[in-house]
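The values are calculated or read from the model by the stated rules, or taken from the named source; none is laboratory data. Because the structure is a prediction, the values reported are computed rather than measured. Reconstructed Cβ throughout: ideal geometry from the backbone, glycine too, with neighbour counts over all protein chains shown. Heads up: the accessible areas ignore ligands, DNA and RNA and are worked out on the full protein's heavy atoms, side chains in. Shrake-Rupley method; radii C 1.70, N 1.55, O 1.52, S 1.80 Å.
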Amino acid sequence: MDYITDSFSHRGHFGKFGGRYVPEMLIPALEALEQAYLQARDDKKFQDEFLHLLRTYSGRPTPLYFAANLSKQLGGARIYLKQEGLGQTGSHKVNNVIGQALLARRMGKKRVVAETGAGQHGLATATVAARFGFECEIFMGELDMARQRPNVFWMQQLGATVTPVTYGTRTLKDAVNESIKNWIENLEDTHLLVGSALSAHPYPSMVRDFQSVIGREVREQIMEAEGRLPDCLVACVGGGSNSIGLFHPFLNEDSVEMVGVEAGGFGIPSGLHSARFQGGRLGIIEGYKSYFLTDEDGQTRTTHSVAAGLDYAGIGPEHAWLHDQGRVTYTNVTDKETLAALGLLMRTEGIIPALESSHAVAEAIKRAPKTGRDKIMVVNLSGRGDKDIFIVAEALRDKEWLDFLERKVQEGFPDDEK
Amino acid sequence: MKNKIDSKLGALRQRKRHGLMAHIVVGYPDMATSERILLSLVDGGADMIELQIPFTDPIADGPTILKANLASLEAGTKVADCLEFARRMAPRMGDVPLLFMTYINIPFSYGLEKFCTDSASAGISGLIVPDIPPDEPQEHYHELATAAGLHPVYILSPSSTDERIEVIGKYASGFVYCTARVGITGARESRMAGLKQFTGRVRRHVSVPLALGFGISNAKQVAQVRDIVDVSVVGSKVIDTFNSAPDTHSGLEAVKNFIGGLRD
């Protein structure tokens, strides 16, 4: 069976998912974007410049690291970690941002707007906007701004305006809405730089294409290291861009099992989670058809995850399709399992993964012991964890960190005295 | 049976009278008050009414209507309540047609076909659903709405290309809702310059009457557009007017006077 869907010849659909469900005023802009992207995709100069920037600016290829200590401790599969966190801005997000920035420049846009949850996409967008000279506005839920302050700080230092979204769930979903509205109000000079493999066509396919560099590199790197394809790929799934980027180049390799890990939050029975395949309904929201966590009327529900980047009610349409095809297995891990996985990876390998990526690690920890030692598992570490210092310190009830913060607040900034 | 929208627009044209369509969010600020706002709008002379079924993610709406959506949901408004609202109010509307305005996930989750037939039997005459393009191939929205006797009303804006205007022209039913500017809803004033050129482009492919909305908030603007479109639409300004009043009673009076004064 062929699992590669050419959504461009199906008006943006992956089976029944995807599509372009937007207000009429956005249709011309999306049609223009689709045309520009298809031309760029087939333009060798564009692709060369994209790859050149990925190499020289963002530090690709990122390493594929054999986690010998972790593998040994778990006693099963040989675990490889794809270290996306080692690139510029600390996550895979920059791949897509560089691609779309080149496209925006090609289309003559002067300004980019983006949504962000954990702030990783916002940070990547602010960074690349500085590099390209775009004016940049990032929409971020008030709740996410409070829990991801370090990224807010850096976005602002990079010259971006970070606009809080103060209504609704005050998280990623509302930031997505607000960025779309801002785009509608500024179509002439602005590019909407969607950060995940979702929204209206052509975004899910375009973002996937830019992120597929992850899977293509893994293919080469694992062939070099092991001389064969991996048996299993594991990645976390919020909107789904790091996972689709890893999975896509392997979709037609029957021997490769794929696991997408959703955010189980406080556990599925609690109702406070972001696992769309656990009780999500088919719906059409924010421009695309997919599974969403909604009530029976179709209103989006409040979601939860310790990882802001996974705390989202929808899932990219290609994932919904791959789920229904049975090609990819989707599972979930709780906040608690995630924090434990973070701790284990830090202590065994000296690597600090982002809370989002720690979900994938947690799943690997569950799976590896049940897997033979001759098996190869690749886990995507989509980002590094520096940004999570406040959340993790709080979750671990680290007294010294709290003392430090209190002292800092008491001291204020030295100049305040003058 | 003739659709009430057609009768209304026909009568307006015959009398050479400019039409007014007003908008409310069902259940805002609460069910009983939204019922009284609706009656005040009709008393004030509104010719058609949009009843918005609240949705958590209304991507074409600015802050005023967005907040009203969320407040209505917070107060517990369900889709079934909105249908019941229509069923209760339609018989009291005289010749004023009611349209449901909402986002596609609401009818989609309800079951699109059932939503259309239930709306029609509740006395609804048309649907305005901004995020379902008529040529999106899978939902059959246009066919299901028209089969139920409803007019699916489509939206065009100054950013619409001639190609898109032609597509909408093929589906246009009842009337076409033109936006005065490219943007989201809100009482922010629109520049009326260039409007004639835009409606001229629309008229080349669209034979049904035209309504104009987005940023229409006073009699001066209505006077500027009355000769180029059949109907002016006021949305956010109704909510703003009601909210600026010190109490419900004067809010209802203000809404009625606002509509009454638009054609002066």
Open item on the list: I'd like the full set of residues that are part of a helix (DSSP H, G or I), surrounded by fewer than 24 Cβ atoms within 10 Å (Cβ to Cβ) and basic (K, R), limited to the range A:148-180.
Closed with: A:R149
Open item on the list: Please verify whether B:I106 is in contact with a Cys (Cβ under 6 Å, 6 or more places away or on another chain) and either under 23 Å from A:N177 (Cα atoms) or within 13 Å of another protein chain (Cβ to nearest Cβ) (or both), treating the condition exactly as stated.
Closed with: no
- [ ] For B:T117, state whether it is away from chain A (no Cβ under 14 Å) and either of a type outside the set (A, V, I, L, M, F, W, C) or in contact (Cβ under 8 Å) with a residue 12 or more places away in the chain (or both).
- [x] yes
- [ ] Report yes if A:S255 is modelled with pLDDT of 95 or more and open to solvent by 30 Å² or more (accessible area, probe 1.4 Å), otherwise no.
- [x] yes
TODO: Could you tell me whether the range A:84-104 includes any residue that is more than 30 Å from A:D42 (Cβ to Cβ), in contact (Cβ under 8 Å) with a residue 24 or more places away in the chain and open to solvent by 10 Å² or more (accessible area, probe 1.4 Å)?
DONE: yes
Task: Within the range A:181-190, considering residues that are at the interface with chain B (Cβ under 8 Å from one of its Cβ atoms) and either on the phi > 0 side of the Ramachandran plot or of a type in the set (D, E, K, R) (or both), the one least open to solvent (accessible area, probe 1.4 Å) - done: A:K181
- [ ] Residues being more than 13 Å from chain A (Cβ to nearest Cβ), surrounded by fewer than 23 Cβ atoms within 10 Å (Cβ to Cβ) and either in contact (Cβ under 8 Å) with a residue 40 or more places away in the chain or within 19 Å of the chain's Cα centre (by Cα) (or both): count how many of those fall in the range B:152-176.
- [x] 1
TODO: Could you list all residues from the range B:177-201 that are over 19 Å from the mean Cα position of the chain (by Cα), open to solvent by less than 10 Å² (accessible area, probe 1.4 Å) and either aromatic (F, W, Y) or at pLDDT 95 or above (or both)?
DONE: B:F198
Task: Members of the range B:78-100 that are open to solvent by 10 Å² or more (accessible area, probe 1.4 Å) and within 14 Å of chain A (Cβ to nearest Cβ) - done: B:K78, B:A80, B:D81, B:E84
TODO: Please state which one of A:T338, A:T303, A:T331 is in a strand (DSSP E or B) and either closer than 13 Å to A:L272 by Cα or in contact with a strand residue (DSSP E or B) (Cβ under 9 Å, 6 or more places away or on another chain) (or both).
DONE: A:T331
- [ ] Scan the range A:272-309 for residues that are open to solvent by 10 Å² or more (accessible area, probe 1.4 Å), farther than 23 Å from A:H13 by Cα and of a type in the set (A, V, I, L, M) and jot them down.
- [x] A:L272, A:V306
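Quick grid of which residues meet (1) out of contact with any Lys or Arg (no Cβ under 9 Å at 6 or more places or on another chain); (2) under 20 Å from A:L282 (Cα atoms); (3) buried (at least 23 other Cβ atoms within 10 Å of the Cβ):
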{"residue": "B:F115", "(1), (2), (3)": "yes, yes, yes"}
{"residue": "B:S121", "(1), (2), (3)": "no, no, no"}
{"residue": "B:P137", "(1), (2), (3)": "no, yes, no"}
{"residue": "B:E143", "(1), (2), (3)": "yes, no, no"}
{"residue": "B:A147", "(1), (2), (3)": "yes, no, no"}
